[in-house]
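J.: Sending over a structure as structure tokens; questions will come in a sec.
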Amino acid sequence: MGYRKPLDMKIKLHHQIFIAMIVGAGVGLPLNMLAEAGRIPEEIPRTIAKYGKGVGDVFLRLLSMIVAPLILTSLVSGVTSSGNLSGLGRLGGRTLAYYISTSMIAIITGIVMFNLIDPGNSTDVALLEQSREVVHLEVVESGAGLLDTLWNQVFNLIPSNPFSALADPGNKSILGVIFFALMFGSFIVVVGGETADFLRKFFNSAYEVMMRMTMFIIRFAPIGVLGFMLYASAGRGLGVFVALGWYMLTVALALSVHAFITLPLICAVLARRSPWSFFQSMSPALLTAFSTASSNGTLPLTINCVEKRAKINNRISSFVLPLGATINMDGTALYEVVAVLFIAQVTPGVDLTIGKQAIVAITALCASIGAAGIPFAGTVMLVVVLGAVGLPLEGIGLILAVDRVLDMFRTSVNVWSDSTACAVMARFESGDD
Ligand code: ASP
């Protein structure tokens, strides 16, 4: 009675992350407002934002450091531990079907919300023009055609050299790592015998070590999150939020419908899990996705939460999550359609017919598949969608000012959808067994 072990006194990780978010915004926003009102020099919030980003980036870099070896060891260990390859194709087919369907639902939600709110009509275009940012040339030049983008994703599945895919500094070759790890694991099973036993043990052990490293790095999540929240809340003036208020509201509401209605329904009906308790299990990953705006960077936490907190088998998570972080981006797909429809609405002389809206929807799906799981990847991909319906690429400059904030929301939705996919696959796989 009355006795508490010291461990019980500890604040849980997701609470720590949450507190860090509140503190970051609680410091950054008032400073920003004071600067806006001319009560303190503008440099104060901007400098704090700069150092906040520096701290956040160190955390993100630590996570990036472990992504490639974590995926390799986790996938090889996942494929070899079952010793049976027959279920792999089935899991792959189901996962892809889930990814494409949920992204399509997200896109439709975005289009419906856009038509309900009609943000362009309530927006003060003159005010919007004042907050326009010049689009960096790099962004424009990176635009490739739609088919090129998709073809690149298929082609990049095969790494020309698995070691360089593993060593890619920006983790841009995750698909290549997945492909190689799947083949390598499968052939370990095919070879069988002592060789397979040895390699299975080796990769299981290496995976265990990687998981421990992940758990160690995750302890710093609250510091990283605090840094990123300072960056997001103190980084730029608040005036832009007025000019782009209706647009932001449309994206945020549509994302909320997808995150709080569609995906929980899928979780309850298809995965037969309580959406609330699954959401709680995933909360450290979702909060980290929110503040880092990187699903690739969050991947170690997502894997950790799915396996250790939601108790889903590594055989499923090791395949579904890395693939999802690379190609399943419901939040990004939704954002792409709303952003392009909004740009069209506020561009004089442009009227998007139903046919063109359908092109926007399909292109947005492809663009979300092609986008990398890093900050602003979806923004760069807007070039593809705008290009597909002949809209001026400079339109991106109109919405750039609030992009970081929307990136935070859409990245959490991306990670939430990947996690729900794991829960759904786990249920189907257990049914098959
Ligand atoms: N930042 C997003 C992610 O990492 C991608 C995007 O920019 O939409 O999932």
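The values are calculated or read from the model by the stated rules, or taken from the named source; none is laboratory data. Keep in mind it's a predicted model, so treat the numbers as computed, not measured. Methodologically, a virtual Cβ is constructed for each residue, glycine included, from the backbone with ideal geometry; neighbour enumeration extends over all protein chains shown.
J.: Quick one: would you say ALA401 is in contact with a Lys or Arg (Cβ under 9 Å, 6 or more places away or on another chain), assigned to a helix (DSSP H, G or I) and either without any contact (Cβ under 8 Å) to a residue 24 or more places away in the chain or more than 10 Å from the ligand (Cβ to nearest atom) (or both)?
T.: On the way: in contact with a Lys or Arg (Cβ under 9 Å, 6 or more places away or on another chain): yes; assigned to a helix (DSSP H, G or I): yes; either without any contact (Cβ under 8 Å) to a residue 24 or more places away in the chain or more than 10 Å from the ligand (Cβ to nearest atom) (or both): yes.
Criteria met by ALA401.
J.: Out of the residues in region 151-178 that are more than 24 Å from PRO375 (Cβ to Cβ) and among the β-branched types (Val, Ile, Thr), which is farthest from the chain's Cα centre (by Cα)?
T.: Among residues in region 151-178 that are more than 24 Å from PRO375 (Cβ to Cβ) and among the β-branched types (Val, Ile, Thr), the one farthest from the chain's Cα centre (by Cα) is ILE158.
J.: Please go through region 302-346 and give me each residue that is within 13 Å of the ligand (Cβ to nearest atom), among the aliphatic types (A, V, I, L, M) and assigned to a helix (DSSP H, G or I), ordered by number.
T.: LEU321, ALA325, ILE327, ALA333, LEU334, VAL337, VAL338, ALA339
J.: Counting only residues that are surrounded by 22 or more Cβ atoms within 10 Å (Cβ to Cβ) and either closer than 26 Å to VAL125 by Cβ or at pLDDT below 85 (or both), which one in region 373-382 is nearest to the ligand (Cβ to nearest atom)?
T.: GLY378
J.: A further question on this structure: Could you look through region 280-301, keep only residues that are small (Gly, Ala, Ser), in a helix (DSSP H, G or I) and under 9 Å from the mean Cα position of the chain (by Cα), and pick out the one that is nearest to the ligand (Cβ to nearest atom)? Explain how you work it out, then say what you get.
T.: Restricting attention to region 280-301, the residues satisfying the condition of being small (Gly, Ala, Ser) are 281, 283, 285, 289, 291, 293-295, 297.
Subset that is in a helix (DSSP H, G or I): 281, 283, 285, 289, 291, 295, 297.
Filter once more, so that each one left must be under 9 Å from the mean Cα position of the chain (by Cα): 289, 295, 297.
Numbers: ALA289: 7, SER295: 3, GLY297: 8 Å.
Selected residue: SER295.
J.: Quick one: ALA361 ticks every box in (1) of a type in the set (Gly, Ala, Ser); (2) touching a Lys or Arg at 6+ places or on another chain (Cβ under 9 Å); (3) more than 13 Å from the ligand (Cβ to nearest atom); (4) within 21 Å of THR102 (Cα to Cα) bar one, so which box is it?
T.: (2)
J.: I'd like the residue in region 312-352 that is of a type in the set (D, E, K, R) and under 30 Å from LEU85 (Cβ atoms) and, out of all such residues, is surrounded by the most Cβ atoms within 10 Å (Cβ to Cβ).
T.: Going residue by residue through region 312-352, those that are of a type in the set (D, E, K, R) are 315, 330, 336, 351.
Now drop any that are not under 30 Å from LEU85 (Cβ atoms), which leaves 315, 330.
Working: ARG315: 23, ASP330: 32.
Among them, the one singled out is ASP330.
J.: Another one. Quick check: is even one residue across region 249-271 within 16 Å of the ligand (Cβ to nearest atom), at pLDDT below 95 and surrounded by fewer than 24 Cβ atoms within 10 Å (Cβ to Cβ)?
T.: Checking region 249-271: not a single residue is within 16 Å of the ligand (Cβ to nearest atom), at pLDDT below 95 and surrounded by fewer than 24 Cβ atoms within 10 Å (Cβ to Cβ).
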